[in-house]
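One structure is given here, and the rest of the page talks about it.
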Amino acid sequence: MIGIIDDDKIFQFTLGRVINHNKQAERIITFSDGERAIQYLTDNKAINENIPDIIFLDVNMPIMDGWQFMEEYANIKTEIKKKVNIFMWSSSYNPIDIERASKICEISGYNIKPIKLEDVKRFFEKFETLL
């Protein structure tokens, strides 16, 4: 299962379509902000099949941004019995954001938007063992 946490509906749609087209996941769940995603993870922490293997996380979102999501995730991750790989996908080229992401051990990578089909394919080729 793959989770997409991003307020950009076009990004959600595009990434979801590519994932489905390439049969990279049996199920995709989407959230428009980090708060809803944290609530979902909290509600489902004891049900491994409801926890995503991979989460694509945006940095800039309303209500709860990607950094706030990571702070909350750090508080609940020990209750989740499954390894979740979190990848930030952001339009921010800001070196401070990239450096900050690299210092958070729960973040497996930082990628720059906009995404291209080739980028997603390369991502899944590189990380296909995560699914």
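Can you pull out the trypsin sites (Lys or Arg not before Pro) in the stretch 25-118 that DSSP calls coil and that have at most 16 other Cβ atoms within 10 Å?
On the way: sites: Arg27, Arg36, Lys45, Lys77, Lys81, Lys82, Lys83, Arg100, Lys103, Lys116; in loops: Arg27, Lys45, Lys81, Lys82, Lys83, Lys103, Lys116.
Answer in residue order: Arg27, Lys81, Lys82, Lys83, Lys103, Lys116.
How long is the gain from Glu79 to Lys103 if the chain were fully straight, where each residue apart is worth 0.36 nm and the alpha carbon distance is subtracted?
6.4 nm
What value, in deg cm²/dmol to 500, does the helix sum -39500 (n - 2.57) over DSSP H runs of n ≥ 4 give at 222 nm once divided by the residues of the chain?
-12500 deg cm²/dmol
Which one of Ile98, Ile29, Met61 has its Cα pushed farthest toward the positive end of the charge dipole of the chain, where Lys and Arg give +1 and Asp and Glu give -1 at the Cβ?
Ile29
Work out how far the C-alpha atoms of the stretch 10-83 reach from end to end along every principal axis, then list the three figures in whole Å, largest first.
Extents along the principal axes, in whole Å: 34, 28, 16.
More than 19 Å apart: what percent of Cα pairs in the stretch 1-125 qualify?
Value for the stretch 1-125 (Cα pairs over 19 Å): 43 percent.
What size of dipole, in debye to the nearest 20, comes out for the chain about its Cα centre when the only charges are +1 on Lys and Arg C-beta atoms and -1 on Asp and Glu C-beta atoms?
It comes to approximately 420 debye.
Any read-out appearing in this document is the output of simple, stated calculations on the displayed coordinates, not a laboratory observation. What you see is a predicted model; the values in this text were computed from it and never measured. Virtual Cβ from ideal backbone geometry, glycine too; neighbours counted across all protein chains shown.
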